[in-house]
There are 2 protein chains.
Amino acid sequence: MYDTQSTFKAIADPTRRAIIGMVADREMTIGEVTDRFNMSRPAIAKHLRVLRDGGLVSVRESGRERFIKFEPSALKDVEQWIEHFSHFWDDKLSKLKAAVEKDEA
Amino acid sequence: MYDTQSTFKAIADPTRRAIIGMVADREMTIGEVTDRFNMSRPAIAKHLRVLRDGGLVSVRESGRERFIKFEPSALKDVEQWIEHFSHFWDDKLSKLKAAVEKDEA
DNA sequence: TTGACATGAAACCATTTGGTTTCCTATATA
DNA sequence: TATATAGGAAACCAAATGGTTTCATGTCAA
């Protein structure tokens, strides 16, 4: 299990957030991700490691390629932390959501 | 105007997230915040500077004291980024949201 | 008005971060 | 089999980060 701190650290970098946006669309190899940045492959590989440590992506090996897949559950944790404060800006939605979650429990 | 990157950076640190939780409850002076951590006052002051740069707190001066106040709107921006991916874990809400947005278009 | 209190600011330090280049290994393919 | 391709790993570097100590400043209160 990854810890929430690693997830916060992972999404703090703009390159990594861009990577998340890409692989959330579809699985991509490390090479494909690298091609979309003006940055060396090892640099991207390091970012991917941080993303994996934060539970935001997983890696599937196939031959000599590694496919990067978005893993959403970690982001959900971050969202839940933010939800603690959402009543500050959105009273209506937060009440609705609380009601929905109560029904599902 | 603060930029979203500063906000992501600000919430990446556990001490700063703890500070947010405290001052969201009520306004606190820098000294009060410091008292709740095993850390020097200048260290806390630095964290508060980062939080202010990220738009997460504001400072009200009163005599020799500075009152730190939580500012929620920056967190809302982070939440909106996460919302881009929320359909991965929350199909019901995402379908509702998509429907609403379609109606509004 | 003198001293205590709340904070700011600067200098310093070790570690982390985000990048590079270079070299190595394994898998496809001509 | 020889070569190109995908990626891993290590060494290195500059800058940013998160902390410290020390000193200066303004405000409150005895």
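Counting partner chain Cβ atoms within 10 Å of every residue's Cβ in A:7-14, what's the average? Before the final figure, lay out each step's value.
Values: counts 1, 7, 3, 1, 6, 8, 4, 4.
Mean partner shielding for this stretch: 4.
Got a sec? Which residues in segment A:1-43 would a label at residue B:3 touch, if it sits 7 Å along Cα→Cβ and we count backbone N under 19 Å?
A:10-21, A:37-39
Specify the angular offset, from 0 to 90 degrees and rounded to the nearest 10, of the alpha carbon long axis of helix A:73-83 from the longest principal axis of the alpha carbons in chain A.
40
Against the longest principal axis of chain B, how steep is helix B:41-53, in degrees 0 to 90 to the nearest 10, with axes from Cα atoms?
30
7 Å along Cα→Cβ for the label point: how many nanometres lie between residue A:43 and each equivalent label in the other copies, listed shortest first?
Listed shortest first, these distances are 3.2 nm.
Taking the label point as lying 7 angstrom from Cα along the Cα-to-Cβ axis, what are the distances from residue B:91 to the corresponding position in the remaining copies, in ascending order and in nanometres?
3.5
Give me, ordered by chain and number, the residues 5 or more places off residue A:29 or on other chains with an amide H under 5 Å from its own placed amide H.
Under 5 Å from the amide H of residue A:29 lie the amide H atoms of A:68, each far enough along the sequence or on another chain.
Efficiency by 1/(1 + (r/R0)^6): what FRET value for residue B:41 and residue A:89, r their Cβ-Cβ distance, R0 = 41 Å, to the nearest 0.05?
Details: r = 31 Å, r/R0 = 0.75.
Approximately 0.85, to the nearest 0.05.
What is the sum of charges, Lys and Arg at +1 and Asp and Glu at -1, for the other residues whose Cβ falls under 9 Å from the Cβ of residue A:29?
Numbers: positive: A:66; negative: A:27, A:32, A:65.
Once positives and negatives cancel, what remains is -2.
Translational D (Stokes-Einstein, µm²/s) of the protein assembly as shown at 20 °C and 1.002 mPa s when Rh comes from the Kirkwood sum over C-alpha pairs?
Working: Rh = 19.0 Å.
Answer, rounded: 113 µm²/s.
From the convex hull of the Cα coordinates of chain A, what is the mean projected area in square nanometres? Show your work: numbers first, answer last.
Values: hull surface 33.7 nm².
Mean shadow area of the hull around the Cα atoms is 8.4 nm².
Between copies, how close do the residue B:31 label points come, placed 7 Å along Cα→Cβ, listed in nm from shortest?
Copy-to-copy label distances at residue B:31, shortest first: 6.4 nm.
Please name which of B:72, A:10, B:21 has its Cα lying farthest along the dipole of the protein assembly as shown towards the positive end, using unit charges on Cβ (Lys, Arg +1; Asp, Glu -1) and the Cα centre as origin.
A:10
Would you compute, from DSSP H runs of 4+ residues alone, the mean residue ellipticity of the protein assembly as shown at 222 nm, taking -39500 (n - 2.57) per run and dividing by the full residue count, rounded to the nearest 500?
Working: 12 runs with 128 residues, N = 210.
Calculated at 222 nm, the ellipticity per residue is -18500 deg cm²/dmol.
How big is the B-A contact in terms of buried accessible area, both chains counted, 1.4 Å probe, rounded to the nearest 100 Å²?
In total, this chain pair buries about 2400 Å².
Helix B:14-25 versus the longest principal axis of chain B: what is the Cα-based angle in degrees, 0 to 90, to the nearest 10?
Orientation of helix B:14-25: about 90 degrees from the principal axis.
The values are calculated or read from the model by the stated rules, or taken from the named source; none is laboratory data. Bear in mind the structure is a predicted one, so any value in this text is a computation, not a measurement. Please note: Cβ atoms are built from the backbone with ideal geometry, for glycine as well, and neighbour counts cover all protein chains shown. What goes into the accessible areas is simple: the full protein's heavy atoms, side chains included, and nothing from ligands, DNA or RNA. Shrake-Rupley method; radii C 1.70, N 1.55, O 1.52, S 1.80 Å.
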